[in-house]
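Here's the structure, in structure tokens; my notes come after.
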Amino acid sequence: MCGSELCCVPMVDVTPTSRQLLSCRKEESRQPSPHAAPLRRGAGRPPCRQRAGPEWAGGSGLKMVAAAGLRVVRCGGSPLHGARAVFSADARFLLCTAGDFVKVYSAATEELVRLLRGHGGLVTGVRLNPHNRLQLYSCSLDGSIKLWDFTDGILIKTFTVGYKLLALYALDSCEDSVFVIIPKRGERDTFQLVSVKLTKTAGQDVEAKEFSVVLEGVDASPKCTAFGREGEYVASVKNLHLQVYFFKRKQLNRFSLRATNAKGGNNLFTCVACHPKEDCIATGHADGKIRLWRNFYHNKEYVFSTLHWHHDRVMDLSFSVEGTSLLSGGVEAVLVQWHNGSDCKKDFLPRLGSAIEYISVSSDGTLYCTLHTDNRITIINSNLRFSKSIQGLIRARDVKTGLVVDPRTKALVLNGEAGHLQFYCLQSDKQLYSLDIVQQEYIQQEGLNQTDLVKVAFSAQGKWLATVEEREEEPDLELHLKLWFFDEETQSFKLNTQISMPHDDHITAMCFRDMDELEDDSLILVTAGKDCLFKVWVILEDTDPEAQQSLSWSCDFVGSYHNYQATNCCFSEDGSLLAVSFEETVTVWDSSTWDLKCTFCHPPGKIRDICFGRLTCSKYLIGATDHGFLCCWNLLSCALEWSAHLNVVILQPDPLSEHIAAVSWLSKESSLFVFKPNESRPICIQRNLCQEKIQFAAFVPRDVPETVGSEKYAWLRRSQLYFLTDAQELMTFSTKSPEERLTVSSKQLAVEESLPVTPFSLLLGKHRHQQSQGDIDLTKVVRNHHEQDSPAVKELLHTPAHVLPSASFLCPIFINSLLISKEKER
């Protein structure tokens with residue numbers, strides 16, 4: 001039924017602005033007051049025009065437009081700390097897991113050199129082939145072990161084990177076998193360490209079904225199992241137990257600790273490392289202690305010494321190459337280097353950003369590497385001097401800001417470190433920079449209520465940034481609204497205005513008026529809160545000559561509706577209308593006079609999200625309710641245009657077209673619906689996007705329009721849709737197969753940059769330069785001929801580099817694009 005509280009008068013659909021959509025109506029009766037009593041459903045209300053709502057879930061004779069060619073592609077944000085990283089033999093490259101991929105970084109330039117993809121599940125371990133240091137083993141939850149030539153990015157062989165592989169170990173003493181941790185069949189949460197024989201047979205795909213059990217009841221974490229001196233024994237810890245198995249003797253010794261000691265310490269094992277030269281085992285514990293075990297060949301005559309600096313659990317341990325020092329890390333974000341097993345001789349590298357998850361050491365002992373819980377890789381010199389840092393998408397504890405696009409850099413902006421905003425580059429899969437919003441020291445203590453960043457919004461050109469931070473300590477609530485101005489000289493945001501307690505309760509939504517920002521007078525910020533108010537903030541000019549800044553923000557208008565909580569707000573495309581939802585009702589306001597123009601409602605259910613249509617669909621207002629309805633209202637007739645029974649959790653309009661993306665969640669399945677408000681049928685439907693629930697989504701404008709083969713994918717032409725899952729995996733959509741997704745070939749460039757400069761390379765470079773100058777005319781001919789009609793070259797120059805296929809796909813496509821077709825004479 002129609003939710004309008006005004007009479008529905010037919011109007012002519014020729015209006016230049018959104019405000020005129022409503023103001024041209026000549027009504028005899030006065031507009032309802034914000035505090036007027038709401039009309040009852042159907043009481044005194046003329047019939048409203050509406051079309052039958054589309055049955056988007058199927059049925060009623062309507063056919064769904066299936067998007068069979070649409071692929072969900074992981075584009076970044078995968079955890080870099082899922083398993084221990086390894087250095088190449090010459091310490092030039094660092095290899096680490098990243099979701100389903102293995103990433104190869106240059107240790108000198110931090111650039112991504114290779115992206116090894118081929119696994120069908122999460123990669124859980126990487127190890128160098130001990131008999132060929134240019135090759136790499138990787139294991140995955142897909143039950144396979146893959147052998148790579150990581151310098152060229154070539155998959156050599158795939159060994160199918162048939163079990164989920166949770167950790168991988170490769171030893172010099174074992175020529176044709178590796179060790180993996182697998183779940184024990186028939187028992188839940190029980191794991192075993194097994195030796196898998198890698199058969200040397202012809203063919204790329206080989207079944208590796210021959211394996212033997214080494215240890216039962218091991219921990220699934222790879223840091224809880226380690227191999228001792230030259231592979232003579234293996235040590236594994238779980239809960240309060242340490243077990244050591246000697247291969248030659250075939251002897252198993254077990255050692256146990258009490259749960260707590262006399263001083264109240266927690267003796268739970270957290271990690272283990274073995275000395276490379278001596279019979280010594282280092283174990284980390286939940287209370288921060290490190291124990292060095294010796295003489296463990298005997299069950300009762302063993303001894304251990306204790307090292308203690310960490311105040312919380314020890315996250316990882318690693319010995320240096322010669323075993324002269326022990327490295328440890330924990331939640332303090334400090335790398336501790338213990339010398340000669342002494343509690344008195346230790347060095348520190350503090351302020352590494354976040355908790356240390358894994359520690360790796362290069363085979364030549366010159367470099368250390370720490371993987372952190374915030375998706376950061378830190379490369380450190382052996383003298384504990386910081387060298388390089390690779391920062392991926394920070395996996396915040398709770399993303400409350402949503403996905404926001406920075407209009408200046410086209411970067412995704414969301415929660416990063418505690419109290420920070422991270423600006424994440426989609427093309428390089430790296431963080432551009434981090435902005436400290438809260439500007440307070442974060443205390444690593446569980447249960448402590450600290451200031452959190454909850455809302456963020458950019459003005460249309462990215463000149464202004466608005467943030468909301470809150471700290472809740474029952475029964476008090478601290479709120480701060482901050483306005484930041486972008487300084488062109490320093491190329492960073494500077495705090496302009498800070499407003500304490502802008503609302504008496506939590507702020508639920510915030511938006512800028514989407515204008516050109518040619519004048520500061522046109523800038524308007526609106527905040528909505530649970531205190532049943534929405535507030536309008538404008539810029540004021542300070543006439544005081546002694547003032548530090550000439551501009552500041554102040555409240556200009558306060559609105560409410562029947563004492564209902566304000567839940568959402570958004571401006572129309574031209575900024576003339578403001579829509580604010582109050583529980584089950586959507587109100588529309590004139591942004592020049594702040595008069596209430598009309599209201600819409602669609603009971604039952606509170607309004608979950610709202611947005612205006614754009615371009616040719618600017619006369620429509622879209623809303624989604626928490627009772628599973630998607631509604632489209634016509635601003636001309638003030639009537640419900642259509643509605644669909646759909647549990648929409650995300651409603652995201654494309655800023656460059658009329659398309660709107662709606663993501664639904666039903667029966668543990670996320671589905672995508674793309675539609676135009678003026679059409680009652682969706683343009684595209686994609687079901688079962690991913691296994692996790694989708695939290696947020698955002699359209700990012702493309703630098704160059706995408707070439708799409710079908711009209712039903714036209715919504716991907718000018719913008720690209722990204723979405724973030726509950727597991728904080730960043731996904732996007734693509735209509736192209738992997739061989740068609742050409743990207744900038746930066747891999748060879750990264751390799752060449754890391755190579756040493758020799759006299760021969762200088763001569764070769766000079767010769768190539770002279771040859772290119774001699775062939776410049778021919779190059780111009782080819783380039784001019786294909787400059788406009790070569791999509792392959794455009795793809796090569798503009799597609800993100802992290803989805804680059806193998807060279808076997810790149811070469812024929814690129815070479816064919818450079819060939820001049822033979823023209824037939826008439």
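Overview of results
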| item | result |
| --- | --- |
| Residue that is surrounded by the most Cβ atoms within 10 Å (Cβ to Cβ), among those in region 393-437 that are touching a Cys at 6+ places or on another chain (Cβ under 9 Å) and of a type in the set (A, V, I, L, M) | L412 |
| Residue that is closer than 21 Å to A91 by Cβ and not polar (S, T, N, Q), where the choices are V314, V336, V361, V331 | V361 |
| Residue in region 719-732 that is open to solvent by less than 20 Å² (accessible area, probe 1.4 Å), closer than 24 Å to D429 by Cα, of a type in the set (S, T, Y) and modelled with pLDDT under 80 present | no |
| Residue that is farthest from the chain's Cα centre (by Cα) [pool: residues in region 189-204 that are of a type outside the set (A, V, I, L, M, F, W, C) and at pLDDT 90 or above] | K197 |
| Within region 588-611, tally of residues that are open to solvent by less than 30 Å² (accessible area, probe 1.4 Å) and in contact with a Leu (Cβ under 6 Å, 6 or more places away or on another chain) | 5 |
| Matching entry among K248, K209 (being surrounded by fewer than 14 Cβ atoms within 10 Å (Cβ to Cβ) and either at pLDDT 95 or above or under 20 Å from H275 (Cα atoms) (or both)) | K248 |
| G575 surrounded by fewer than 22 Cβ atoms within 10 Å (Cβ to Cβ) and closer than 29 Å to H506 by Cβ | yes |
| In region 99-154, residue most open to solvent (accessible area, probe 1.4 Å) [restricted to those that are within 23 Å of the chain's Cα centre (by Cα) and of a type in the set (D, E)] | E111 |
| Considering residues of region 88-98 that are assigned to a strand (DSSP E or B) and modelled with pLDDT of 90 or more only, the residue most open to solvent (accessible area, probe 1.4 Å) | F93 |
| Answer from D505, D476 - the residue that is touching a Cys at 6+ places or on another chain (Cβ under 9 Å), over 19 Å from L435 (Cβ atoms), of a type in the set (D, E) and open to solvent by 10 Å² or more (accessible area, probe 1.4 Å) | D505 |
| So A624, is it crowded, with 22+ Cβ neighbours inside 10 Å and either without any contact (Cβ under 8 Å) to a residue 40 or more places away in the chain or in a loop (DSSP other than H, G, I, E, B) (or both) | yes |
| Exclusive hit being small (G, A, S), open to solvent by less than 50 Å² (accessible area, probe 1.4 Å), touching a residue at least 24 places away in the same chain (Cβ under 8 Å) and closer than 18 Å to F600 by Cα, set S618, S657 | S618 |
| Segments classed as strands (runs of 3 or more DSSP E), wholly inside region 260-348, with at least 2 members that are open to solvent by 50 Å² or more (accessible area, probe 1.4 Å) and under 30 Å from E446 (Cα atoms) | 303-308 |
| Test: F534 is surrounded by 21 or more Cβ atoms within 10 Å (Cβ to Cβ), among the aromatic types (F, W, Y) and closer than 25 Å to C601 by Cβ | yes |
| Region 559-592, residues that are under 27 Å from T616 (Cβ atoms) and either in contact with a His (Cβ under 7 Å, 6 or more places away or on another chain) or without any contact (Cβ under 8 Å) to a residue 40 or more places away in the chain (or both) | W589 |
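The values are calculated or read from the model by the stated rules, or taken from the named source; none is laboratory data. Here the structure is a predicted model, which is why all the values come from computation and not from measurement. Reconstructed Cβ throughout: ideal geometry from the backbone, glycine too, with neighbour counts over all protein chains shown. Surface areas here come from the heavy atoms of the whole protein model, side chains and all, with no ligands, DNA or RNA. Shrake-Rupley method; radii C 1.70, N 1.55, O 1.52, S 1.80 Å.
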